[in-house]
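Undergrad: Got a structure for you, written out below as structure tokens; questions coming shortly.
The values are calculated or read from the model by the stated rules, or taken from the named source; none is laboratory data. The model shown is predicted, which means the values in this text are computed figures rather than measured ones. Cβ placement follows ideal geometry from the backbone for every residue including glycine, while neighbour counts extend to all protein chains displayed.
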Amino acid sequence: MAHGRAMIPHNRPLITAEDRAAVDAVLDSGWVAQGPQVKALEEEFARQYGGAACAVSSGTAALFLALRALEVGPGAKVAVPSYACSALLNAIYMAGATPSVVDVLPDSFCIDPASLLRRAADADAVIAVHTYGAAADVAALRQDGRKIVEDCCHALGGSTDFGLLGATGDAAVFSFYATKIITGGQGGLVWSAAGALIEAVRDYREFDCRDSYVPRFNLQMTDIQAALVNSQLKRLEAIRARRKEIARAYLAALPGGLAVQSGLDDARRMAYRFVVRTPEPEIRDALHRHMEHAGVGCAVPIERYELLHRYLKLDPAEFPVAEKLADTTLSLPIHSALSNAQLAQVVDAISRFRP
Ligand SMILES: *Cc1c(COP(=O)(O)O)cnc(C)c1O
């Protein structure tokens, strides 16, 4: 442990004076539940992506509602990457559908279309996670008419040759949880080019003052959260630029023998995580100890026991890439609250590591 200085946190939200003022204005208005700020957030997404958007209480709620609106329910099979968070499984079970776990690609860490054909060719839908900001191959995944939900919880503002990530699937979901690119503390959003799909999401989100009864649920975002999100959304380009700057500094300092996720230096990428790959698990663990000793908080982004095929007690031998990634990856701090002094401290620490 480094002496005389605080550990650099692996992640930390950046809340500015403007963000605080935006929240204060909501508190002063007397309207703190879902209201004009939530509406403004939805309109901003519709302006940038086209189509329509519905803000909800979390990314998990957004996933559930997107599946439900796409009529992916009982009897339907949903392919998911193994190297992902369990929110995917939760949303699929909430919708009454069945998950089908697929291995991932070693370079992008995203769902592998060839593994999909081997393991889940009959899937009705795919949750395509743009893992850590890398683009999943939506065009390959959607073949044979599969419905695509793009999970953009790591990829807000990222784009490729095909345009904004999220805009080519049947629906896209976003999360504004505390550790994401921008945050309301909690929160999520469903986007779709199809207005009718968003109407179905909207219909389920609120139960009060309805003219006919069907079971619904309260999955609303508050205006307090939406004000925070709206305020940070205005800074999205600055956030991207800062994350890119940090990524470039780390790439330049990275000793030989360590690899990174593909596309990290792509200017259009939203660099949500800077994940280092080591050749062997022991080197990852040594790197982790080395960084913590230098006062740099790092994280194993997904531990082996968290892999979705492990949660579902499937044979690990069928998911060799996900297994290897869980054992050989380490995430470095890349959040926009990182100061220049902290950036220099991380760069110094990485450059001194000998694999
Ligand atoms: C965070 C996250 C979710 C879930 O979002 P919550 O807002 O935490 O419910 C889903 N998918 C991915 C890829 C995420 O990173």
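Undergrad: Are any of the residues in segment 256-270 within 18 Å of residue 172 (Cα to Cα) and either more than 22 Å from the chain's Cα centre (by Cα) or in a loop (DSSP other than H, G, I, E, B) (or both)?
TA: Yes: segment 256-270 contains one or more residues that are within 18 Å of residue 172 (Cα to Cα) and either more than 22 Å from the chain's Cα centre (by Cα) or in a loop (DSSP other than H, G, I, E, B) (or both).
Undergrad: Further question on the same structure: Could you go through segment 218-240 and let me know if any residue there is surrounded by fewer than 22 Cβ atoms within 10 Å (Cβ to Cβ), free of Cβ contacts under 8 Å to residues at least 60 places away in the same chain and among the aliphatic types (A, V, I, L, M).
TA: There is no residue in segment 218-240 that is surrounded by fewer than 22 Cβ atoms within 10 Å (Cβ to Cβ), free of Cβ contacts under 8 Å to residues at least 60 places away in the same chain and among the aliphatic types (A, V, I, L, M).
Undergrad: What do you reckon, is residue 126 within 14 Å of the ligand (Cβ to nearest atom), buried (at least 24 other Cβ atoms within 10 Å of the Cβ) and over 15 Å from the mean Cα position of the chain (by Cα)?
TA: yes
Undergrad: Here's something else I'd like to know. Of the residues that make up segment 210-231, is at least one under 19 Å from the mean Cα position of the chain (by Cα) and acidic (Asp, Glu)?
TA: The answer is no, given that none of the residues of segment 210-231 is under 19 Å from the mean Cα position of the chain (by Cα) and acidic (Asp, Glu).
Undergrad: So, in segment 19-43, exactly how many residues are outside any helix (DSSP H, G or I) and not aliphatic (A, V, I, L, M)?
TA: So the answer is 4.
Undergrad: Is it fair to say residue 120 is among the hydrophobic types (A, V, I, L, M, F, W, C) and surrounded by fewer than 24 Cβ atoms within 10 Å (Cβ to Cβ)?
TA: Considered against the rule, which asks whether it is among the hydrophobic types (A, V, I, L, M, F, W, C) and surrounded by fewer than 24 Cβ atoms within 10 Å (Cβ to Cβ), residue 120 comes out as yes.
Here's the yes/no breakdown for (1) modelled with pLDDT of 95 or more; (2) away from the ligand (no atom under 13 Å from the Cβ); (3) assigned to a strand (DSSP E or B):
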residue: 53; (1), (2), (3): yes, yes, yes
residue: 62; (1), (2), (3): yes, no, no
residue: 68; (1), (2), (3): yes, yes, no
residue: 75; (1), (2), (3): yes, yes, no
residue: 80; (1), (2), (3): yes, no, yes
residue: 88; (1), (2), (3): yes, no, no
residue: 92; (1), (2), (3): yes, no, no
residue: 101; (1), (2), (3): yes, yes, yes
residue: 106; (1), (2), (3): yes, yes, no
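Undergrad: Right, next: Looking at residue 290, is it out of contact with any Pro (no Cβ under 7 Å at 6 or more places or on another chain) and either at pLDDT 95 or above or assigned to a helix (DSSP H, G or I) (or both)?
TA: Yes, satisfied.
Undergrad: With the requirement that a residue be small (Gly, Ala, Ser) and either more than 10 Å from the ligand (Cβ to nearest atom) or assigned to a loop (DSSP other than H, G, I, E, B) (or both), what does segment 160-184 give you? Spell out the reasoning first.
TA: Step one: filter segment 160-184 for residues small (Gly, Ala, Ser), giving 163, 166-167, 169, 171-172, 175, 178, 184.
Listed by number, the residues that qualify are 163, 166, 167, 169, 171, 172, 178, 184.
Undergrad: Within segment 137-154, which residues are in a helix (DSSP H, G or I) and surrounded by fewer than 20 Cβ atoms within 10 Å (Cβ to Cβ)?
TA: In the first step, residues of segment 137-154 are kept if they are in a helix (DSSP H, G or I); the result is 138-141, 143-145.
139, 140, 143, 144, 145 - these are the residues of segment 137-154 that are in a helix (DSSP H, G or I) and surrounded by fewer than 20 Cβ atoms within 10 Å (Cβ to Cβ).
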